[in-house]
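One structure is given here, and the rest of the page talks about it.
The values are calculated or read from the model by the stated rules, or taken from the named source; none is laboratory data. Remember, predicted model here, so these are calculated numbers, not experimental data. Counting neighbours? That spans all protein chains shown, and the Cβs are built from the backbone with ideal geometry, glycine included. In case anyone asks, the SASA skips ligands and DNA or RNA and just uses the protein heavy atoms, side chains included. Shrake-Rupley method; radii C 1.70, N 1.55, O 1.52, S 1.80 Å.
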Amino acid sequence: MILKKLYSDADVKQELVQAFVELFSHLEDAPIFICIGSDRHILDCFGPLVGTMIKEVAPHLEVYGTLEDPIHARNLVTKIALIKRQHPGRLEIAIDASVGMEADIGAIKLRRGLLVPGKALAKRLPAIGNLSLVGIVGSRLDHRSMRAINAGSLSHVYAMARVVCDAVYEWDGLGKNNNQLL
């Protein structure tokens, strides 16, 4: 685990920025952000919400999965194949909502390795990403209930998405500043 912090922690954005700097500084090209989820379910919209926010503040970054064009269970396989064809060998950061323990709701987790989308609803979908970033939006206790995915509050999902977007924006700005110094 690279990072696990509640979105409300005062230092979470700065720690995310620092993690991005350390993880991405050696790259020739910025990573690809693959934001997974559905715009039709409140708690599952974390990924597309992050994707939309990043596209708004940094349209030059490669972002797939927005509220307007989400990546979800029905189109994941074809979208991932397209992304891999268009960007072979690029570092991928997969972003998705997740469930966890009750005490973890509101946590943002960043780790090395693949993200397995749809796991909470026992869906069999291909793993994606070199890094995974998840927002814990609900409890494992209700994880198999579709009603649970629709019953949560958009407030903390939005706040988590805002933190992630702000961290990406700040990291991106640091890269531009560093390039200007060279």
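Per the 1.4 Å probe, what fraction of the accessible area of the chain, in percent, lies on carbon and sulfur atoms? Of the solvent-accessible surface of the chain, carbon and sulfur hold 52 percent.
Would you mind classifying region 1-43 by shape? Square roots of the alpha carbon gyration tensor eigenvalues, ordered a ≥ b ≥ c; an a/c under 1.5 is rounded, otherwise it is prolate if a/b is larger than b/c and oblate if not.
Numbers: a/c = 3.04, a/b = 1.22, b/c = 2.50.
Since a/c reaches 1.5 but b/c is at least a/b, the shape of region 1-43 is classed as oblate.
As a ratio to 2.2 N^0.38 Å, the alpha-carbon radius of gyration for the chain is 0.97.
Between SER8 and ARG85, the modelled labels are 4.6 nm apart [label points 7 Å from Cα along Cα→Cβ]. Sorted largest first by accessible area at a 1.4 angstrom probe radius, with every protein chain in place, the residues THR52, THR78 fall in the order THR78, THR52. Sparse packing (at most 11 other Cβ atoms within 10 Å of the Cβ) combined with a DSSP loop state is found for the following GluC sites (Glu not before Pro) in region 43-118: GLU68.
Across region 53-135, the fraction of Cα-Cα pairs farther apart than 21 Å, rounded to a whole number, is 32%. Where only DSSP H runs of four or more residues are counted, the chain gives -12000 deg cm²/dmol as its mean residue ellipticity at 222 nm, each run worth -39500 (n - 2.57).
How would you classify region 1-89 from its alpha-carbon gyration tensor, with a ≥ b ≥ c the square roots of the eigenvalues: rounded for a/c under 1.5, else prolate if a/b is greater than b/c, otherwise oblate?
oblate
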